[in-house]
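A short write-up of the structure that comes next.
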Amino acid sequence: MAISDFQDALAKRTGYAGWRESLARQGTGTLSVDWITSITSLMELEADWLEIQSDSGHPIYFQSFSWAKTWSNYFADGPDAPYQLAIATIRDDHELVGILPLALKKSSLGNILVGLGEPIAQYDDILVRHGWNPHVVLDAFWRSLKQRVDIDGLMLRRIRQTSPLYTYRYLQPWAAERTEVPILDLNGYISSGADFLAEASSGLRKEVRRKEKKLAELGTIKQSFFRGGPEAQLLTRKALSWKQDWLLANNMTSRMFMDQNALNMLIEYTGRTNSNTLVSALYKDDTPIAIELSFACNKHLGSFLGAYDPAFSTNGAGLVQMQRTIQWSIENSFSLYDLLPPDASYKRRVSNQTVDIVDFACPLSERGWLTFYWWNRLLKPRLKQTFYRLPESWRYRLVNALNAG
């Protein structure tokens, strides 16, 4: 059977009948696309990036210039780095109208473009200048991408239904099963002046007040908020340590916690006062007992990580800390509290809406097409299940060996 016949047959089985259109090379349009492939070129883009970042309007937690710069220093600096920068910048004449922050991951499976931020970022997204049709900007990117014969595929993860990428026509054929992320719309609280806890379900309200009373018996309870800086950095380090211990105790792990570069990058990033970081900490007397790391953008607050001192695991420190962060968000006119992926029952308790998210895999060559189908859909899920059945020490050794090459 010829490879084209095999692909047609498999396309019918998978429902991806548009693969030939996806692979077709197209000519350039009126917008021009440049690819940023070095940190030097990235730094030259700072002024333009900051301008479109402030003008975009769409909340982007993991696509800011500060995030791109910090991540690049850890993951895309030098020939032996695990990623190579491949940031697509789209211009109308000399005006920057769009940025798609991507990085090239080279492996035996092919050269795959992924969102800049792995394995930390919770959403991939695009920045588009206000007033521009996002799909026109994406069309220019797509035409340029088809001319890149060195790239086998594009993989975008956790695309929100509010993102222009979600409805872009060339991304839909390989859409995976959609999942949901709980969010808390705060506009009603802001307009009415209502207190979050007063409007919460009776069960949640009673539990929070019971936990607050229990904590108050142990000492003076207060909460503080830090927008980057040394204290935020120290708290982030402590929160990551608590979370890592919790994962280990529950025989769990994650890609981020198995990559020391990722943890170091987060610690550095939260120390930057020009980042979009918010670190909130619940204290007993002068000792932090629960910490939340969040990222703010356009009056949206994305709750990235929460952790608590194991000594207070039964005292509800994490719940009390989250409730106070939500109330702070209302008082500071944030319109949305985003609980970020993955979905969880404790997130549902404080949310009042959900947002769909989906992963997209777009093959750009026959090699990429086979890689996405056989690896992403068949082999990878099975290997992942096997991996998580291994003892924790074995998992760390395996990941370290793979990272070492």
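Taking amide H atoms as placed 1.01 Å from N in the peptide plane, the amide H of GLU180 lies under 5 Å from those of ILE357, each 5 or more residues away in sequence or on another chain.
Go through LYS214/LYS243; LYS243/LYS299; LYS206/LYS347; LYS243/LYS284; LYS146/LYS299; LYS211/LYS347 and tell me which ones have a Cα-Cα distance over 25 Å in this structure. Flagged as over cut-off: LYS243/LYS299; LYS146/LYS299.
Annotation note: trypsin sites (Lys or Arg not before Pro) in region 181-281 located in DSSP loop regions with a Cβ neighbour count of at most 12 within 10 Å are ARG255. Along its three principal directions, the equivalent ellipsoid of region 72-208 from the Cα gyration tensor extends over semi-axes of 36, 20, 15 Å, largest first.
In terms of its C-alpha gyration tensor, region 88-129 comes out oblate, because a/c is 1.5 or above while a/b does not outweigh b/c.
Label reach from ASP48 (point 7 Å along Cα→C-beta): in region 75-95, amide nitrogens under 17 Å belong to 85-95. Note on ARG169 and SER335: the extension gain reaches 56.8 nm, defined as 0.36 nm multiplied by sequence separation minus the Cα-Cα distance. LEU339: net charge of surrounding residues, Cβ under 15 Å, Lys/Arg +1, Asp/Glu -1, itself excluded? Local net charge: -1.
The simple spin-label model puts a point 7 Å past each Cα toward its Cβ; for ASN274 and LYS214 those points are separated by 4.5 nm.
Comparing GLN260, PHE372, VAL350 along the charge dipole axis of region 242-372, the residue lying farthest to the positive side is VAL350, per the Cβ-charge model. Per-residue extension of 0.36 nm, minus the Cα-Cα distance of TRP374 and HIS135, leaves a gain of 83.1 nm for this segment. For region 227-278, the dipole from Cβ point charges (+1 on Lys and Arg, -1 on Asp and Glu) about the Cα centre works out to 100 debye, to the nearest 20.
Remark: region 86-217 carries 41 Å² of accessible area per residue (probe radius 1.4 Å; ligands, DNA and RNA excluded). In this rough spin-label picture, where each label sits 7 Å from Cα along the Cβ direction, the GLU95-ALA198 distance is 4.6 nm. Which aspartates and glutamates have a Cα lying under 20 Å from the Cα of LYS238, excluding residues fewer than 8 positions away in the same chain? Straight-line reach from LYS238, under 20 Å: ASP259, GLU268, ASP285, ASP286, GLU292, ASP309. Taking other residues whose beta carbon is less than 12 angstrom from the beta carbon of ILE39, and scoring Lys, Arg as +1 and Asp, Glu as -1, yields -2.
The values are calculated or read from the model by the stated rules, or taken from the named source; none is laboratory data. Just so it is clear, the structure is predicted and the values come from calculations on it, not from any experiment. Positions of Cβ are generated from backbone atoms using ideal geometry, with glycine treated the same way; all protein chains shown enter the neighbour counts. With ligands, DNA and RNA removed, areas are computed over all heavy atoms of the protein, side chains included. Shrake-Rupley method; radii C 1.70, N 1.55, O 1.52, S 1.80 Å.
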